[in-house]
Amino acid sequence: MVSSSRPTGLWWGLLGVAAFSFTVPFTKAAVAGMSPLFIGSGRAVVAAVLATLALALTRQRLPQGAQWARLAVVAGGVVAGFPLLTSFALATTPASHGAVVIALLPAATATAAVLRGRERPRPVFWLITGAGALAAIAFASMQSGGFGMLHWADLLLLGAVVSAAIGYAEGGLLARELGPWQTVSWALVLASPLMVFLTMLSVAQQSPSATAVQWAAFAYLGVVSMFLGFFAWYHGLAIGPMAQVSQIQLVQPVLSICWAALLLGEDLTWTTIIGGVAVILCAGAAVRVRLNPAPARRGP
């Protein structure tokens, strides 16, 4: 009899990815009227307020011992690292460009899961993952004016991918102990002092002067991208299998590029389409290889 846990996990993962797919275009919309520092830190403050209320109203138990250190890893990856790095990157690069580079995230998450679980995948896994990284770098180089000419925004995007992958992998494991929404909530609370400080610093440096649409985009980033979306995503990862649920991330860059064209009016160039397809195919192949490890050798 086939267990129903897998499709349930996949559906929850798809709901989370659908929520996250608006993150890049809405961040691009918000940076037109707000500083990247305010967007990256302020949205975490909004989410931390919601998380604090949710934890208090439901009287959740405090994490214990080493769980705090693991929550710090999650917070560093998905509360601080990814939002701040993408906000600064998207201040100078199109949303569709950012979505192609971030398409590395599924392969990066699978890699983080491999390293975290101390697995020994087949060599082809590392070859395909490396090919995906090279495809993303080649795309970014061509968009920046030629091979070997990466823009600093591309380095920020690659750093964001690494940060999110680590946070996703650790958060998916921790969600099995604390619960999916509890994990992201405690991570937000843990990071809140730093995020409040950075938000106040950004306001002191440059007061936000945004339109109603830009504030709406910021509100989405705080309420959905930083909070509600993780409810579904970590719940899907916790049900698992983590590596299989992570495959759904392959849909995210496609959706993000479409939203960038529809909502922001960005042109879909052939370079963007080809680059996106190449990175997504490599990411998908890497995750599939990760799901089918080489069979153990039998003794003589």
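The values are calculated or read from the model by the stated rules, or taken from the named source; none is laboratory data. Everything quoted here is computed from the prediction, not taken from an experiment. Virtual Cβ from ideal backbone geometry, glycine too; neighbours counted across all protein chains shown.
Anything in the stretch 166-206 that is aromatic (Phe, Trp, Tyr) and farther than 13 Å from ALA69 by Cα? List them, or say none. Spell out how you get there, then give the answer.
Applying the first criterion (aromatic (Phe, Trp, Tyr)) to the stretch 166-206 yields 168, 181, 186, 197.
Across the stretch 166-206, the qualifying residues are TYR168, TRP181, PHE197.
Only one residue in ALA261, ALA238, ALA283 is in contact with a helix residue (DSSP H, G or I) (Cβ under 8 Å, 6 or more places away or on another chain) and at pLDDT 80 or above, so which one is that? Reasoning before the result, please.
Working: ALA238 fails: at pLDDT 80 or above; ALA283 fails: at pLDDT 80 or above.
Result of the check over ALA261, ALA238, ALA283: ALA261.
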